[in-house]
1. What are the residues whose amide H is under 5 Å from the amide H of V342, where those residues sit 5 or more places off or on another chain and H is modelled from the backbone?
2. Could you please report the charge total around G352, scoring K, R as +1 and D, E as -1 over all other residues with beta-carbon less than 11 angstrom from its beta-carbon?
3. Might you work out the accessible area of K381 for me, using a 1.4 Å probe with all protein chains in place, and round it to the nearest 10 Å²?
4. Counting only protein chains, not ligands or nucleic acids, how are D196, D269 ordered by accessible area (probe 1.4 Å), most first?
5. Applying 1/(1 + (r/R0)^6) with R0 = 22 Å to the Cβ-Cβ distance of M49 and S23, what FRET efficiency is obtained, to the nearest 0.05?
6. Let's test the formula: R0 of 35 Å, r as the Cβ-Cβ distance of V356 and A193. What FRET efficiency results, to the nearest 0.05?
7. State the Cα centre-to-centre distance between segment 271-346 and segment 162-192 in whole Å.
8. Taking segment 308-416, which GluC sites (Glu not before Pro) meet the DSSP loop condition and have no more than 12 other C-beta atoms within 10 Å?
Amino acid sequence: MAMAYFYYRALGNAQLVAIGLLSFAAIAQLAPAFFGGLFWRRATAPGAMAGMLVGFAVWLYTMFLPSFLDGTTAGLQLLQHGPFGIEALRPQALFGADLPPLLHGVLWSLSLNLLTYIVLSLAREPSSIERLQADVFVPNVLTPMTPTFRRWRTTVTVQDIESTVAQYLGPDRARHSFEALAVTHDIDLDPAAPADFELLRHAEHLIASSIGAASSRLVLSLLLRKRTVSAKAALKLLDDSHAALHFNREILQTALNHVRQGIAVFDADLQLICSNRQFGEILGLSPHLVQIGIPLREILEFMAALSPAGFGDSDALVSKRLAAYTTEGEPYLERLPDRHMVIEARSNRMPGGGLVITFSDVTPSFEAAEALERANATLEKRVRDRTEELTRLNSELALAKSTAEDANISKTRFLAAASHDILQPLNAARLYVTSLVERQNGGEDSRLVENIDDSLEAIEDILGALSRYLPARRRRHDKRRSPVSRSAT
């Protein structure tokens, strides 16, 4: 990465693709030594190193340097005519090869790398360590492993394999694993029968899950050769087993720490054997309470000591929590007032009698549910109050309407009675005027009397029309009202 950065800064206009192709061409120089070490017994370390050095040198000359020579006159001269005018040594056309720059550089660098590797490896005999490495990684005959195992079919029994696996995995787990193998492959595992290839491979995988692949292969190799484990080999096995277990535990712990829920694993005696960081954070435990071997009751007693006084007797609270945390089934919800949290605990039993408890912080969802419940209760109260207010307003409106209708009826009656009473003196006045008209035989006074009679007649017609209109309006109003309203009126 540093070389790519400085190459980009020095060149100025290099593209990422060009840098990547140049890098891959450089890494390709490791290929001859890598594959040769896997398949060629005569390969030597000096040959491998010399081949890589030659390959890198050719890569520098044919691919790396030409990228800097395009911008200068001397560089262009070197590219076109080669060093010292030798055109056969042009960096991008060695010995007249007319190929694309990338293919040209990769082909020449790998070819010279491989040639140097082979020549120098054949030029000298492999050393003792090189012969030992060749025996380990490159067997003389590349044959399948099955015939090798079959040579020991009459010497290693199923009982031997099961006993060896039980030493590393435990008797119960080993027995269950071999029973599952027998059911899956429909075979009969007779303890006195010779072990076949499938059984050996299964045993190797089981042991490798505990102490690693290399140590598992060593254990089976010693078992098949009927050799006892020396003190040095035993110590190596113990070291490998410890390293494998430590590595597996680190992986498990890292995975658990990335889970949002708090997870705690307890054995059959309810003693802590594994937990993640969230377990202590959610329950607010001190560091000494998340150590391996701490009983669950001690953790619950610490939690009870932090609870407020209103939660009752601490022993009863511990017993209640212990029963809830160790019972499978529905999740157990509990409020932690000292931490203003609501947690959900779920318990699951393990095959060996242990217990896995998960703790989830459900405070946001619990508070949202409470807020929704409060909103529903408030909404119901507001609807009820609004309904009562509307009922009251409707009652007041009906009363006001009834009062207005009664007042209108009273006004109608008054106007009808008043018009009738006013008509009587008007009728009398018209009678007197009519008498005056009959006594007058003409003249100016007679016309005045006639005008008065016409005016009185017009007033009488208006009042008569009013007296007829009011009763008719009252009858129409009474028809629109209900019988109850008319009776009330």
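1. Here L336, V362, T363 satisfy the definition.
2. Combined, the nearby Lys, Arg, Asp and Glu give 0.
3. 110 Å²
4. Final ranking, largest accessible area leading: D269, D196.
5. Between M49 and S23 the formula returns 0.60.
6. In this case the efficiency is close to 0.35.
7. Each part's Cα centre sits 39 Å from the other's.
8. E328
The values are calculated or read from the model by the stated rules, or taken from the named source; none is laboratory data. Only a predicted model underlies this, so the values are computations on that prediction, with no experimental measurement involved. When we count neighbours, we look across all protein chains shown, and the Cβ atoms used for this are built from the backbone with ideal geometry, even at glycine. Keep in mind that these areas ignore ligands, DNA and RNA; they rest on the heavy atoms of the full protein, side chains included. Shrake-Rupley method; radii C 1.70, N 1.55, O 1.52, S 1.80 Å.
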